[in-house]
Amino acid sequence: MSVKVCLCFIICLTALALNSWADQVNLSNGDRVTGKLVKKDGDNLIVKTDLMGEVTIPWKSVASVSSQEPVTVVLATGQSLVGPVSVDAREEKVEVATATSRESARLSELVAIRDAETQRQYERLEKPGLLDLWAGFIDLGISGARGNARTSVFTVAGAASRETRTDKTAAYFNQIYSSALVDGVSATTAQATRGGWSYNRNLKPRLIWNLFNDYEYDRFQNLDLRFVLGSGLGYKVINQERKRLDLLGGAAYNHEKFNTPLTRNSAELYWGDDFIYKPSGIVEFQ
């Protein structure tokens with residue numbers, strides 16, 4: 001019996017010790033969330049818990065916050081303080097225990113709170129190098145069929161993008177080539193190439209400037225070159241961490257040169273959308 005009591009006592013002490021070293025968030029309804037403070041940006045606070053993973057809490061529902069590990073606290077003045085933070089919504093006070101002193105500020109001056117990893121990601125997005133943050137893919141496809149006719153299809157598709165806090169650059173390339181052998185006669189049945197790039201710049205929190213340039217070649221349309229250059233504005237309808245919807249529209253110049261030989265130039269209006277949904281950190285739908 002004494003052994004069981006001793007074990008229970010040790011387990012309780014361990015649980016209390018671990019809980020005392022966890023970051024704590026007290027809510028206005030009396031609930032409490034313990035875990036690791038990840039970040040406070042905008043209207044939400046994110047805490048990583050052991051049992052429920054990352055929990056998003058509306059900032060307006062937070063009564064107080066205290067962290068054990070150093071975090072970066074950003075104030076409206078542009079000042080960044082690093083150290084354990086304590087926030088009291090009732091007293092409208094923020095305190096940061098830096099390495100040299102204890103700094104205080106009003107709650108209305110608080111812009112963001114970020115843990116060490118989130119701060120590193122933020123700084124990387126803030127001033128990335130020209131070759132940083134690129135992501136993309138290359139897809140090669142080969143298919144064939146044998147029967148009354150022998151057909152072969154070869155495709156290449158690729159895309160790359162680089163997104164920072166202020167802009168987004170993207171490029172793409174598609175190519176298809178197919179042939180068929182019928183009654184001993186071989187012929188090309190498809191041969192086309194498309195590619196282009198685009199650039200979006202944030203002018204305001206929800207206003208975007210858009211610039212794009214597309215190229216196209218299609219042998220069976222007698223098209224030697226289609227050159228399109230356009231520019232316009234966009235609006236961020238949804239701008240969340242895991243979900244984004246941009247609406248774009250503007251004007252474009254279209255130059256087409258055929259081998260017939262026909263050449264034509266035209267002005268065009270364009271509109272469209274750019275939708276991204278990230279259900280997890282490794283899955284993305286576009």
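Here, each number is a calculation from the coordinates, and none is a lab measurement. Since we're looking at a predicted model, the values are computed, not measured. Counting neighbours? That spans all protein chains shown, and the Cβs are built from the backbone with ideal geometry, glycine included.
Which number do you get for Rg(Cα) / (2.2 N^0.38 Å) in segment 203-246?
Against the empirical 2.2 N^0.38 Å value, I get 1.75 for segment 203-246.
So I have [x] 29.9; [y] 26.6; [z] 19.2, and one of them is mean projected area of the Cα convex hull in nm² calculated from this model. Which one is it? Checking each listed value against the structure points to [y]. Considering every alpha-carbon pair of segment 65-201, the percent of pairs per 10 Å bin, from zero through the bin containing the longest distance, is 10, 24, 16, 14, 12, 10, 8, 5, 1. The simple Förster model, with R0 at 51 Å and r as the Cβ-Cβ distance, assigns residue 140 and residue 50 a FRET efficiency of 0.70. Listed peptides 254-262, 44-52 appear in the order 44-52, 254-262 once ranked by packing, highest mean of other Cβ atoms within 10 Å at the front. For segment 36-160, relative contact order (Cα pairs under 8 Å, six or more residues apart, normalised by length) works out to 18 percent. Helix content alone sets the calculated 222 nm mean residue ellipticity of the chain: runs of n ≥ 4 DSSP H residues at -39500 (n - 2.57) each, divided across all residues, give -3500 deg cm²/dmol.
For the pair residue 191 and residue 270, a Förster radius of 30 Å applied to the C-beta separation gives a FRET efficiency near 0.65, rounded to the nearest 0.05.
Averaging the sequence gap over all C-alpha pairs within less than 8 Å and six or more residues apart, then dividing by the number of residues, gives the chain a relative contact order of 8 percent.
Over segment 207-286, what is the mean sequence separation of C-alpha contacts under 8 Å (at least six apart), divided by residue count, expressed as relative contact order in percent? The partial results should precede the final answer.
Values: 179 pairs, mean separation 19.8, N = 80.
Relative contact order for segment 207-286 comes out at 25 percent.
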